[in-house]
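Enquirer: Take a look at this one; I'll ask things after.
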Amino acid sequence: AAGVIQSPRHLIKEKRETATLKCYPIPRHDTVYWYQQGPGQDPQFLISFYEKMQSDKGSIPDRFSAQQFSDYHSELNMSSLELGDSALYFCASSLRTGGNTGELFFGEGSRLTVL
Amino acid sequence: AQSVAQPEDQVNVAEGNPLTVKCTYSVSGNPYLFWYVQYPNRGLQFLLKYITGDNLVKGSYGFEAEFNKSQTSFHLKKPSALVSDSALYFCAVRDPYSSASKIIFGSGTRLSIRP
């Protein structure tokens, strides 16, 4: 079965650079979520989209932005990168139709290292 | 606001023994509860969920969890541990009244199974 696809898997950037992470949800899933997991930390919710509209916002810095496109894939844009942005970034998708009871399906994550 | 607590950072169990990973939650109304497992440098894998119905929920890899409303707990259990169960386990909660439908994770419990 198709899973959530994230790219790139690994990314190395310098401070103050920009980075873009991509996420391709499971086919027919209409909701995408972004999470950030720092070293030894639990995943922190950043932002989510439902049907291409932002549905919720968590602890996403103002330097970050995200959007969901017409094909339901999503991109997380990070600017003015800081050392503290080094983390594993997960995308997850779910099917919202029928209620909010379903589990989230996670991608393998994109590891961002800021030097 | 919903929250979930995992009181143990680490649980150590001998192979073949039963294991329990503890989780308590705080959410208004009836919660949606989940367990996820994370292997090193991998995404989170869904194990099981409680939405409604039978308090004992069975999931992947022989894991099960018991929902206890009076104790607001959702402990993860397995009758006989395997070395391959060694991983990081996250309990998670979803507020059923939140239209945003994001999942909030606990701090994680590292399960170590010794041969």
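None of the figures in this text is laboratory data; all of them are computed from the coordinates on show. What you see is a predicted model, and the numbers here were worked out from it, not measured in a lab. In this analysis, Cβ positions are derived from the backbone assuming ideal geometry, glycine residues included, and neighbour counts consider all displayed protein chains.
Enquirer: Considering only C-alpha atoms, what is the centroid distance from the range B:49-115 to the range A:1-32, in Å?
Expert: Value for the Cα centre distance between the two parts: 26 Å.
Enquirer: For the range A:47-115, what is the relative contact order in percent, using Cα pairs closer than 8 Å and at least 6 residues apart in sequence?
Expert: Result for the range A:47-115 is 24 percent.
Enquirer: Something else: Suppose every K and R has +1 on its Cβ and every D and E has -1 on its Cβ; what is the size of the dipole of the range B:3-115 about the Cα centre, in Debye to the nearest 20?
Expert: That gives the range B:3-115 a dipole magnitude of about 140 debye.
Enquirer: About the Cα centre of chain A, how large is the charge dipole given +1 on each Lys and Arg Cβ and -1 on each Asp and Glu Cβ? Please answer in debye to the nearest 20.
Expert: Using Cβ point charges on Lys, Arg, Asp and Glu, chain A gives about 160 debye.
Enquirer: Mind putting a number on the dipole of the protein assembly as shown about its Cα centre? Charges go on the C-beta only, +1 for Lys and Arg and -1 for Asp and Glu, and I need it in Debye to the nearest 20.
Expert: 120 debye
Enquirer: Say the dipole of the protein assembly as shown comes from +1 at the beta carbon of Lys and Arg and -1 at that of Asp and Glu; which of A:Leu76, A:Leu115, B:Tyr61 then lies farthest toward its positive end?
Expert: Towards the positive end, the residue furthest out is B:Tyr61.
Enquirer: Something else now. Where both residues lie in chain A, what percent of DSSP beta bridges are antiparallel, nearest 5?
Expert: 90 percent
Enquirer: What's the long-distance tail for chain A, i.e. % of Cα pairs beyond 24 Å?
Expert: Of the Cα pairs, 19 percent sit more than 24 Å apart.
Enquirer: Also, I was wondering about something else. I need the trypsin sites (Lys or Arg not before Pro) found in the range B:37-102, filtered to DSSP loop residues with at most 13 other beta carbons within 10 Å of theirs.
Expert: Sparse-neighbourhood loop trypsin sites (Lys or Arg not before Pro): B:Lys69.
Enquirer: So which of A:Lys22/B:Lys78; A:Lys15/A:Lys57; A:Lys52/B:Lys58; A:Lys52/B:Lys77; A:Lys13/B:Lys22; A:Lys52/B:Lys78 end up more than 28 Å apart, counting from Cα to Cα?
Expert: A:Lys22/B:Lys78; A:Lys52/B:Lys58; A:Lys52/B:Lys77; A:Lys13/B:Lys22; A:Lys52/B:Lys78
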